[in-house]
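Okay, so here's the structure we're looking at.
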Amino acid sequence: MYFIRCTLSEKPIIYAFLILLESMKKLLIPILWLFVSVLSQAQTDLSYYLPAGVQYNPAIPTPQSVLGHEVGEWHVTHDKLVYYMIALDKASDRVSLQITGYTHEARPLLLLTITTPKNHQNIEALRTQHLQLGDAAKSSSLDIKNMPAVFYLGCSIHGNEASGANAGLVMAYHLAAAQGAEIEKYLENTVILFDPSFNPDGLQRFSAWVNSRKSKVISTDPNDTEHNEAWPGGRFNHYWFDLNRDWLVAQNPESQARAKQFQAWRPNVLTDHHEQGTNATFFFMPGVPSRVNPITPEKNQELTRKMGEYHAKALDEIGSLYFTQEGYDDFYYGKGSTFPDAQGSIGILFEQASSRGHAQESVNGVLRFPFTIRNHFVTMLSSLKAINEMREELLNFQRDFFKNASAEAAKDPVKAYIFGSKDKARVFHFAEMALRQKVDVYKINSNQTINGKTFDATSSYMIPMNQTQYKLIRGMFDKQVKFKDSIFYDISSWTLPLAFGLDYEEVKASPALGEKLTEVTMPQGKLMGTGDYAYVFEPYGYYTHRALYRLLDRKVRVKVSNEIFYAGGKRFERGSVMIPVDNQTLAPDQISVLIKEITEQDAIDVYAVGTGLDYKGVSLGSSSFYVLEKPTIAMLVDGGVSPTDAGEIWHLLDTRFQIPVTLLPTSVFNSADLEKYTTIIFPEGSYQGISESGKEKLKSWVQAGGVLIGFERALSWFTANGFGKFEVKKEEEKKDAAKPRSYADINEDFGARATSGSIFEADADLTHPIMYGYTNSKVPLFKGNNIFIQKATGAYSNPLTYGNNPLLSGYITKSNLEKLKNSSVLGTTSMGQGRVIGFSENMAFRAFWFGTNRMLLNSIFLGPMISSQASR
């Protein structure tokens, strides 16, 4: 309303002015609202995060001074994060930075050691003293009252859960620049191992996505492109691995660098900062009480709850909602927050609701990125406070943990585990994995036979139980079929010798140990014999297919035997490889160079034979030898394909076997020329994006001689679209299906039906080409689904099936176990000249399930030789 005093003659002018003013008002109001909106989204400076009343050293650079933007204004890219950490290292005598390794994409993995200058001067002595807590014979003499605690703080192992890494910028600044008695005391009593980004490749991928799609007026609409990443998303590393499942087995360079630093210090507490769904709030450990690994002592959970009180108080003070003891668990030792629990440490998981960008609508209001950062930062501070105020308790717990473990080991009826295999490479990789986690591994002095299994001294090792890592060894070897709970956040079993496909046995008597391993190197094979007629080698070696590709890529003619033969007085089983010397494109001396590479690099023994004559088996010129073709492989990705399953296959072929593979997006598949490929792989996925013309093209390709390989849900797509019959067992109708149940039990009931990851034994036909190279007809398999394939009716069509008692370790419901019994794992179908091969399980699970990789490789190389009479 406007009040203007005027004369009668001035009224027309005033009326015109008022009309103009009113029209301007209509324009100004939306502009004003826009201004207010922009103000509400304006950058948040450090004062939003930092605790009140703390003075900061002006000589220490702020994040903004290095990054060029405030924390939370943009998602920090990994390169800028590195620049800032380097700047802190240069500016602060509290900070020491080291590069611990590099990712697959050659990004540096950083670890900052943050403590007082005095502690830095004595850092190696402090580290050595701290490790003595794990030595039951020496730990009693330690002066715990004057020992610092060790705090490992890590951020954003899932790259698209970025608030952790961005909070790390604030935490690093606070630790380097804060002044006063409190921070000085904390740093004097704590050695902080700070990893600002567990997953640099994923963080870079995600930050590039959200930053390049950020509007000046931030869109909070969940449908906005900023909040909907393209496949595979930023969660994973370069090969699409979930690195938070890789702590124990450490098959990726990020995990290997992290494990080395963890074992170098064995911290008292490790915190792991994550994100969860946008409509959640904030979670901190402990998890569900009934879902704790039985190897973990109760005291661990007691201390976790005590630390939780510090987190609750910190979040209460800023008014943030939170929850605990639900949703998450402490069971699988391959996760970051559970891995420490088997080693005298306390693992703490933090999960912040994710803005998945800069701001997003949620049931709790608009969730802004700075808010998510602040929650992580205050719980980093509450962790530091708890560790300091509980320092002696945590140090005593770690000392007692290892003393108790030593006492338990002495009482354990199992005194050691012995393991070995004809395949020296897999034995090497197992020993390598164990040594990485500071498990003591010994050679055996002579051949040993235990429970009917003979362990060769040249390819077997012993792990005694009476050692510091007793609990972790149990976490590697234990089998479990009874559980307090029936729901698991991750897998329920991971017995590692079964995963590696090794022979192993419990040793009940005090073991006779040979030389202790300090390191292990990849074994080499030998060239035996002096003949110049042909080279032959057995199919057992893990890297057999790398050797095959090495030869085929150089246009060497290679044959695989479908029958047993003898050469040089030695028996060679089906699947053995023969390379004739004569009539090759390469000269004999060139072939001999390749054979030398195979023995040295692929750990395979090769035999040079002087004759092809064999009266015991088949002669080397027999038609039972199949001529191999060099495979050209495409694998479908994108769309409804599981990134982790596809990534595991990509990693297997690319890094271990050096076999090229085309990553073929489903959207490109529909128009792609398939003739260049001999093999197409369908990983676990739905494949809804393949057009009708794409299906017909694929059928023509298979009929012309292509090999199509599918896994898990891909088999349903195969069946529905005429690529074979992989029928799923139907659910039997239950009489009590309508039995009344409590509504409150819905989530528990349905969650318990999942087979989240267990180990089962299957019966193999070792004469089938896909099973060539296996030495035992009982094969342990990992199953992480409820896909149960009916047996085929053909007499030769079930090369790998589950029997009547398949469960080895892990959880499965009774009804699912019944469906699993006598079901099929593997089937093949003939289509014209081609073959379709289907697996109900993942044969490359998380890169550590070495034992089943061979089936995938055999499918690629030997698939064309499968008889049409074995079709489903």
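The charge dipole of segment 88-134, taken about the Cα centre with unit charges on the Cβ atoms of Lys, Arg (+1) and Asp, Glu (-1), comes to about 100 debye, rounded to the nearest 20.
Considering only beta bridges that DSSP places wholly inside the chain, some 65 percent are antiparallel. Calculated mean residue ellipticity at 222 nm for the chain: -10000 deg cm²/dmol, from DSSP H runs with n ≥ 4 weighted as -39500 (n - 2.57), summed, divided by the residue count and rounded to 500. Quarter the surface of the alpha carbon convex hull of segment 522-604 and you get the mean projected area, 5.1 square nanometres. In this label model, GLU696 and THR225 are separated by 3.4 nm, measuring between points 7 Å along each Cα→Cβ vector.
Which residues among segment 360-378 fall inside the zone where the amide N is under 19 Å from a point 7 Å beyond the Cα of TYR743, along Cα→Cβ? So the set is empty, nothing qualifies. Relative to the 2.2 N^0.38 Å rule of thumb, segment 228-274 has a C-alpha radius of gyration ratio of 1.34. Put simply, the Cα atoms of segment 790-872 extend 41, 32, 14 Å along their principal axes, the longest span coming first. The stretch between ASP93 and LYS508, if pulled fully straight at 0.36 nm per residue, gains 144.1 nm over its current Cα-Cα span. Using DSSP to call loops (not H, G, I, E or B), can you name the trypsin sites (Lys or Arg not before Pro) in segment 487-535 whose Cβ has at most 14 other Cβ atoms within 10 angstrom? Answer in residue order: LYS508, LYS526.
Roughly how compact is segment 250-298, stated as its Cα Rg over 2.2 N^0.38 Å to two decimals? Numbers along the way, then the final one.
Details: Rg = 14.6 Å, N = 49, 2.2 N^0.38 = 9.7 Å.
For segment 250-298, the normalised Cα radius of gyration is 1.51.
Taken over the alpha carbons of segment 357-511 as equal point scatterers, the Debye sum produces base-10 log I(q)/I(0) values at 0.13, 0.14, 0.18 Å⁻¹ of -0.79, -0.85, -1.10.
Ordering HIS227, ALA257, ASN244 by Cα displacement along the dipole of segment 206-274 toward the positive end leaves ALA257 in first place; charges were set at the Cβ atoms of Lys, Arg (+1) and Asp, Glu (-1). Per-residue extension of 0.36 nm, minus the Cα-Cα distance of ARG305 and THR518, leaves a gain of 72.8 nm for this segment.
Within the chain, which is the longest segment containing none of the chymotrypsin sites (Phe, Trp or Tyr not before Pro) that sit in a DSSP loop and have at most 10 other Cβ atoms within 10 Å? Write down the numbers at each step before the final one.
Values: sites that count: TYR2, PHE3, TYR615.
Value returned for the longest uninterrupted segment is 4-614.
Modelled label positions at ASN445 and TYR615, each set 7 Å beyond Cα in the direction of Cβ, lie 4.5 nm from each other.
Is segment 212-329 best put as rounded, prolate or oblate by its Cα gyration tensor, with a ≥ b ≥ c the root eigenvalues, rounded for a/c under 1.5, and otherwise prolate when a/b is larger than b/c, oblate when not? Verdict is oblate for segment 212-329. Share of carbon and sulfur in the accessible area of the chain stands at 50%, probe radius 1.4 Å. Where does helix 253-265 land angle-wise versus the long Cα axis of the chain, in degrees 0 to 90, nearest 10? That helix lies at roughly 70 degrees to the long axis.
Taking the C-alpha atoms only, the angle from helix 424-436 to the longest principal axis of the chain is near 30 degrees.
Given the Cα-Cα distance of GLU600 and ASN805 and 0.36 nm per residue of separation, how much length would full extension add, in nm? All intermediate terms of the calculation are to be shown ahead of the outcome.
Details: separation 205, 0.36 × 205 = 73.80 nm, distance 4.14 nm.
Gain on stretching GLU600 to ASN805: 69.7 nm.
Bridging of LYS739 to lysines at a Cα separation below 18 Å is possible for LYS814, once same-chain residues fewer than 8 apart are set aside.
Using the structure shown, list the pairs from LYS729/LYS819; LYS403/LYS508; LYS138/LYS508; LYS676/LYS699 with a Cα-Cα distance above 18 Å, or answer none. Provide the component values of the computation, followed by the final result.
Details: LYS729/LYS819 7 Å; LYS403/LYS508 22 Å; LYS138/LYS508 27 Å; LYS676/LYS699 15 Å.
Beyond 18 Å: LYS403/LYS508; LYS138/LYS508.
The residues of the chain expose on average 41 square angstrom of accessible surface per residue, using a 1.4 Å probe on protein heavy atoms.
Residue-wise HN-Hα couplings along segment 148-155, as the Karplus relation 6.51 cos²θ - 1.76 cosθ + 1.60 with θ = phi - 60° gives them from phi, are x, 7, 10, 10, 9, 10, x, 10 Hz; Gly and Pro carry x. The alpha-carbon of LYS385 sits under 22 angstrom from the alpha-carbons of these lysines, leaving out residues fewer than 8 places away in its chain: LYS118, LYS145, LYS185, LYS299, LYS306, LYS313.
Restricting the calculation to Cα atoms, the chain shows an Rg/Rh of 1.03 when the hydrodynamic-style radius is the Kirkwood one. Charging the Cβ of each Asp and Glu at -1 and of each Lys and Arg at +1, and nothing else, the dipole of segment 179-284 about its Cα centre rounds to 180 debye.
Once both axes come from the Cα atoms, what is the angle between helix 391-411 and the longest principal axis of the chain, in degrees from 0 to 90, rounded to 10? Orientation of helix 391-411: about 20 degrees from the principal axis.
The values are calculated or read from the model by the stated rules, or taken from the named source; none is laboratory data. Everything numeric here is computed off the predicted structure, so don't read it as measured data. FYI the Cβ positions are ideal-geometry reconstructions off the backbone, even for glycines, and counts take in every protein chain you see. Please note that ligands, DNA and RNA were not included when accessible areas were found on the heavy atoms of the full protein model with its side chains. Shrake-Rupley method; radii C 1.70, N 1.55, O 1.52, S 1.80 Å.
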